[in-house]
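Encoded as structure tokens, here's the structure I'll be asking about.
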Amino acid sequence: MIHTNTIRTLPLVASMLGDRLGVKVDIGNRENACTDGNTIYIPVLPADGDERLYSLVNGFIDHESAHIRFTDFQVLDNANMSPFEKHIWNSIEDWRIEHELVKRYPGCREHFEWLIRYIFKAESKEKAGDNPPAFSILNYILLTLRSWDVPELKKDREEEALVIENHWPGLRGKIDAILNQLPGNCHSTGDSIEYAQKIVNLLEKEADADSGSEPQSPEQIADTTAQEESRDEAKGNEHDKTEESDSSPSIEERERERQGDTAPAQKERESSASAGKLHTLIHAREGELPVSFDEQLASGLNATRTGTRNSGVRIAVEGQLEVHPLPENQRQESLSASRALRTRLQALMQARTLRRTAPGRYGRLDGRLLHRLSVQNPRVFLRREEVPGDNTAVHILLDISGSMYRRIHLATSACYAVASALSGIPGINVGVTAFPATTPNDIPGVCPLVRHGQRVGTGFDVPVTGSTPLAEALWWIAKTMLFLKENRKILLLITDGQPDNSQKALEALHMLQNLGTEVMGIAIQSPELARLLPIQANIDNMNDLAGAMFNILGSSLIHNKGMNT
């Protein structure tokens, strides 16, 4: 098994992580990092990156994989939560799903802890200090959950707790009482929603209590009106008496009277203001709430687009093609070339894999060893022993772009002939892929015609279509072949040698070579392939195929020599 620490090519690391976690990862085909509940989308990535970027990609894929595996999006949609409720739910759900993923993949814990430190460290650097006090409630909830895994966040949590205590005394303890129930009771998306709604209900009650906005009965309203009229009348009488009096109160008396009157009023105004802040927070729209953990994580990856939009890596995705069996006359022509090629290759393979070894007790009698019988040595036979041949995966990449229009008949025939010939040789695992293929939004696509481990059928009649995204197709081949168990890997490119971007195609070819894949090509009635590959042959008809393929494949398969220099 290949581990990510043995591969330092960033797009392949991302793809390998997705495969390991059982999710699809699309690289370079969307502007922003996100997930749609089925696929994780990552923007264009550089071929290589620093440790920070590797860790960020690891953490993002792990986190979004946890959402795909453990968040029930149908339950979420049915809940129809407000933006405020959903914000609190997201903090709880993020914590829950990460713990679920760690139960199955303990190695993800290290990724998550790095991610939490990275996100909150960056956030503390950018902290402006002018956020509304009510935001401290959301920050406190998030920091409490995250401090359970990364204890050094407790200091930041206490800072937010102080703001809460200054504006809403006693509220922190009530929030803690709910949060402390999560570790033992929050096991599903529905549970996360339930606890988020408990916190929202708590805050709504706190806001109503502070504002004194509890509903009154008609009798209470009448009593309140009478009391206000009585107070007004008393104030009027007092004012009249003051005017009749010749003496005035001292300054100290007036100050004491003012303080006595204003202190409760001041507290009432502060309480009302705090309630107003809570009401504003509870009814905030989506863009008015703090940036969530997921959004901060995505923005960190989106920043990698700077400087890599034109030079970064995009990986093709699987698309659709209209595939039909080869016409019978074309199939017979291909099989004739296939038999010729297979006969020549198998003859050499047999010489390689079958040999006579040391003398034995059975096998073919060797007259030169008969003298051993005089000393009662029965080893007078030569034993024929089979030695395992080359354990090799060969992937054929067929170019069916528009420039192949006049050559497609020869190209598909050659592809079928080579695949059929190689599939009949022991130790050879064949795969075939055509490109480009039809995909949504014109994303570069490929279409597997034969997957590794499948039998080679006759479905090779494919239409000519589109441009030649060779670089994107080569990256898809690279991630596909990484997981094959064969010790040796060979890529055979059948094309006219005119990719959309020659520089990116060369970079992808060098990447494959650095990963140990031997790359060679068959040029179809075109000398252009020589600009890309040193190991290649040009054919003008099917009669040329057996000899050309024998020349470029024979030495590699039989003598186990590298193909690239």
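The values are calculated or read from the model by the stated rules, or taken from the named source; none is laboratory data. Since this is a predicted model, take the numbers as computed values, not measurements. So basically every Cβ, Gly included, is an ideal-geometry build from the backbone, and we count neighbours across all protein chains shown.
Could you tell me how many of the residues in segment 29-55 are out of contact with any Phe, Trp or Tyr (no Cβ under 7 Å at 6 or more places or on another chain), under 26 Å from ILE97 (Cα atoms) and outside any strand (DSSP E or B)?
9
Yes/no matrix, rows are residues, columns are (1) assigned to a helix (DSSP H, G or I); (2) over 25 Å from ASP62 (Cα atoms); (3) not assigned by TED's automatic domain parsing to the domain that holds LEU297; (4) not acidic (Asp, Glu):
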site: PRO106; (1), (2), (3), (4): no, no, no, yes
site: GLU110; (1), (2), (3), (4): yes, no, no, no
site: TYR118; (1), (2), (3), (4): yes, no, no, yes
site: LEU153; (1), (2), (3), (4): yes, no, no, yes
site: LEU162; (1), (2), (3), (4): yes, yes, no, yes
site: GLU165; (1), (2), (3), (4): yes, yes, no, no
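With PHE60, PHE70, PHE84 as the choices, which residue is among the aromatic types (Phe, Trp, Tyr) and under 9 Å from the mean Cα position of the chain (by Cα)?
PHE60
Name every residue in segment 56-80 that is acidic (Asp, Glu) and part of a loop (DSSP other than H, G, I, E, B), in order of residue number.
In the first step, residues of segment 56-80 are kept if they are acidic (Asp, Glu); the result is 62, 64, 72, 77.
The one that is acidic (Asp, Glu) and part of a loop (DSSP other than H, G, I, E, B): ASP72.
With the checklist (1) closer than 30 Å to ARG383 by Cα; (2) modelled with pLDDT of 75 or more; (3) in the same structural domain as CYS415 (by TED's automatic domain parsing) in hand, flag the one item GLU333 doesn't pass.
So GLU333 meets the others, but not (1).
Looking at segment 339-390, which of the residues that are of a type in the set (Ser, Thr, Tyr) and modelled with pLDDT of 75 or more is nearest to SER413 (Cα to Cα)? It would help to see each step written out before you state the result.
Within segment 339-390, the first condition is being of a type in the set (Ser, Thr, Tyr), and the residues that meet it are 343, 353, 357, 362, 374.
Filter again for modelled with pLDDT of 75 or more, leaving 343, 374.
On the way: THR343: 18, SER374: 62 Å.
It comes out as THR343.
For GLY453, only one of the following conditions fails: (1) part of a loop (DSSP other than H, G, I, E, B); (2) more than 22 Å from ASP500 (Cα to Cα); (3) touching a residue at least 40 places away in the same chain (Cβ under 8 Å). What is its number?
That leaves (3) as the condition not met.
Let me ask another. From TRP95, TRP114, which residue is closer than 30 Å to ASN166 by Cβ and surrounded by 14 or more Cβ atoms within 10 Å (Cβ to Cβ)?
Numbers: TRP114 fails: closer than 30 Å to ASN166 by Cβ.
Among TRP95, TRP114, only TRP95 is closer than 30 Å to ASN166 by Cβ and surrounded by 14 or more Cβ atoms within 10 Å (Cβ to Cβ).
Tell me the residue from ILE552, ILE477, ILE522 that is under 20 Å from ALA419 (Cβ atoms), touching a residue at least 40 places away in the same chain (Cβ under 8 Å), more than 28 Å from the chain's Cα centre (by Cα) and not in a loop (DSSP other than H, G, I, E, B), please.
ILE522 is the lone residue from the list that is under 20 Å from ALA419 (Cβ atoms), touching a residue at least 40 places away in the same chain (Cβ under 8 Å), more than 28 Å from the chain's Cα centre (by Cα) and not in a loop (DSSP other than H, G, I, E, B).
Moving on to the next point. Condition first: touching a helix residue (DSSP H, G or I) at 6+ places or on another chain (Cβ under 9 Å) and surrounded by fewer than 20 Cβ atoms within 10 Å (Cβ to Cβ). Now tell me which residues in segment 499-510 satisfy that.
Of everything in segment 499-510, those that are touching a helix residue (DSSP H, G or I) at 6+ places or on another chain (Cβ under 9 Å) and surrounded by fewer than 20 Cβ atoms within 10 Å (Cβ to Cβ) turn out to be ASP500, ASN501, SER502, GLN503, LEU506, GLU507.
Identify, from the list ASP461, ASP399, the residue that is of a type in the set (Asp, Glu) and surrounded by fewer than 21 Cβ atoms within 10 Å (Cβ to Cβ).
Result: ASP461 is the single residue among ASP461, ASP399 that is of a type in the set (Asp, Glu) and surrounded by fewer than 21 Cβ atoms within 10 Å (Cβ to Cβ).
Looking at segment 273-319 only, could you name the residues that are of a type in the set (Ser, Thr, Tyr) and either at pLDDT 85 or above or not in a loop (DSSP other than H, G, I, E, B) (or both)? Full working, then the answer.
Narrowing segment 273-319 to residues of a type in the set (Ser, Thr, Tyr): 274, 280, 292, 299, 304, 306, 308, 311.
Of everything in segment 273-319, those that are of a type in the set (Ser, Thr, Tyr) and either at pLDDT 85 or above or not in a loop (DSSP other than H, G, I, E, B) (or both) turn out to be SER274, THR280, SER292, SER299, THR304.
Has segment 36-43 got at least one residue that is among the charged types (D, E, K, R) and in contact (Cβ under 8 Å) with a residue 12 or more places away in the chain?
So far as segment 36-43 goes, no, none of its residues is among the charged types (D, E, K, R) and in contact (Cβ under 8 Å) with a residue 12 or more places away in the chain.
A follow-up question, please. Report, by residue number, each residue of segment 429-441 that is surrounded by fewer than 21 Cβ atoms within 10 Å (Cβ to Cβ) and hydrophobic (A, V, I, L, M, F, W, C).
Taking segment 429-441 first, the residues surrounded by fewer than 21 Cβ atoms within 10 Å (Cβ to Cβ) are 429, 438-441.
None - no residue of segment 429-441 is surrounded by fewer than 21 Cβ atoms within 10 Å (Cβ to Cβ) and hydrophobic (A, V, I, L, M, F, W, C), so the list stays empty.
May I pose another question? Here is a check on your reading of the model: is PHE70 crowded, with 23+ Cβ neighbours inside 10 Å, of a type in the set (A, V, I, L, M, F, W, C) and touching a helix residue (DSSP H, G or I) at 6+ places or on another chain (Cβ under 7 Å)?
no
Right, something else. Look through LEU492, LEU509 and report the one residue that is out of contact with any Lys or Arg (no Cβ under 7 Å at 6 or more places or on another chain), closer than 19 Å to ILE552 by Cα and in a helix (DSSP H, G or I).
Details: LEU492 fails: in a helix (DSSP H, G or I).
Just one listed residue meets the conditions, LEU509.
If the requirement is being closer than 19 Å to HIS87 by Cβ and either among the β-branched types (Val, Ile, Thr) or not in a helix (DSSP H, G or I) (or both), which of these qualifies: ASN139, ASN131?
Checking each option against the conditions leaves just ASN131.
Which members of segment 8-30 meet the condition of being under 13 Å from ALA66 (Cβ atoms), in contact with a helix residue (DSSP H, G or I) (Cβ under 7 Å, 6 or more places away or on another chain) and small (Gly, Ala, Ser)?
GLY18
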